[in-house]
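The values are calculated or read from the model by the stated rules, or taken from the named source; none is laboratory data. Given the structure is predicted, the values throughout are model-derived calculations rather than measurements. Note: areas computed on protein heavy atoms with side chains; ligands, DNA, RNA excluded. Shrake-Rupley method; radii C 1.70, N 1.55, O 1.52, S 1.80 Å.
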Amino acid sequence: MSGAPRALRTRKEPPPLRQVTVIERVELSPRLLRLTLEGEGLRDLLVTEPAASIRLLVPTPGTDELVIPTWNGNEFLLPDGNRPALRTFTPLRVDNDAGRLDIEVVRHPGGAVSGWAETVGRGAPAAISGPGSGYEIPDDADRLLVLGDETAIPAVSQLLDAAGDLDVEAHVEVVRGDAQLDLGVTWHVTEAAAAPGASLVEVVTALTELPDGTYVWAAGEAASMQAIRTHLFQTLGVPRGRTAIRGYWKPPRG
């Protein structure tokens with residue numbers, strides 16, 4: 001038989017992409033942008049848990065045209081076989097009646113989506129897929145330890161709101177002091193030459209126990225999240241069910 005081989009379906013297909021347009025761009029800090037997206041497909045985007053996720057598709061760098069990729073069984077691919085500019089974000093605020101969604105994008109050089117966000121104007125096309133599951137605070141929790149880097153700021157803010165009267169200790173690492181926001185967390189500024197997430201790892205490795213009723217939510221650079229898992233699981237013997245630890249990103253190679 002002729003023709004290209006069919007891709008093996010090895011992963012669950014994500015929700016379809018919904019086309020949206022940018023209607024507002026706000027600079028929250030030298031390190032963080034907020035974008036408001038609008039589209040009819042957002043009217044039934046149901047986000048019921050804090051710290052959930054959506055995927056954002058933007059035009060391929062160097063172009064203004066949004067090309068919708070197809071799912072090949074493992075990943076989204078463009079018609080030319082290349083991977084699209086597709087990244088994961090926290091759906092910060094969803095207004096279903098208005099068909100609007102806010103996301104926040106960390107400003108950093110070299111990123112396909114962050115570069116797009118730096119110059120994007122009103123009316124620019126994009127698309128989102130989701131939502132992915134978030135974090136449901138356990139009913140038996142009496143304390144929550146929250147840790148995250150800049151990419152986790154939207155999720156951290158949602159968890160603080162969802163915690164209500166629960167005792168919450170929250171730590172957020174940023175790369176510069178003027179990236180701090182008014183969130184009611186303990187801020188840590190990355191030291192020169194320190195690995196991403198090092199201050200968050202220090203917070204956790206200083207723990208000699210995790211009292212009953214305390215749950216941990218952490219998200220950020222993948223290696224630092226693995227170090228946090230190692231201390232909690234192997235050193236302290238914390239049951240995995242008392243944690244939700246997510247590697248959001250990896251540094252570029254080379």
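Eigenvalues of the Cα gyration tensor times 5, then square-rooted: what semi-axes does that give for segment 91-236, in whole angstrom, largest first? Each step should come with its number before you reach the end.
Working: eigenvalues 163, 86, 36 Å².
After scaling each eigenvalue by five and taking roots: 29, 21, 13 Å.
Using the eigenvalues of the Cα gyration tensor, what equivalent ellipsoid semi-axes result for the chain when each is taken as the square root of five times the eigenvalue, whole Å, largest first? If you can, show how the numbers build up before the last one.
Details: eigenvalues 204, 92, 75 Å².
Working through the eigenvalues yields semi-axes of 32, 21, 19 Å.
Please work out the average accessible area per residue across the chain, using the 1.4 Å probe convention, and give it in Å².
Numbers: 13540 Å² over 254 residues.
That works out to 53 Å² per residue.
Roughly what % antiparallel, to the nearest 5, for the DSSP beta bridges in the chain? Present the calculation step by step, with values, prior to reporting the outcome.
On the way: 32 of 55 bridges.
Of the beta bridges lying entirely in the chain, close to 60 percent run antiparallel.
Quick check on segment 73-192: of the DSSP beta bridges with both residues there, what percent are antiparallel, nearest 5%?
Bridges in segment 73-192 are about 20 percent antiparallel.
Take the alpha carbon atoms of segment 62-118, find their center, do the same for segment 147-220, and report the distance between the two centers in whole angstrom.
26
What do you reckon, how do Lys250, Lys12 stack up by accessible area (1.4 Å probe), largest on top?
Lys12, Lys250
How big is the Cα convex hull of segment 163-254 in projection, averaged over all directions, in nm²?
7.1
Hey, could you grab the Kirkwood Rh for segment 1-147? Inverse mean 1/r over distinct alpha carbon pairs, Å, one decimal.
16.7
Using a 1.4 Å probe over the heavy atoms of the protein chains, calculate the carbon and sulfur portion of the accessible area of segment 144-215 as a whole percent. Kindly include the intermediate steps, with their values, before the conclusion.
On the way: 1550 of 3290 Å².
C and S atoms contribute 47 percent here.
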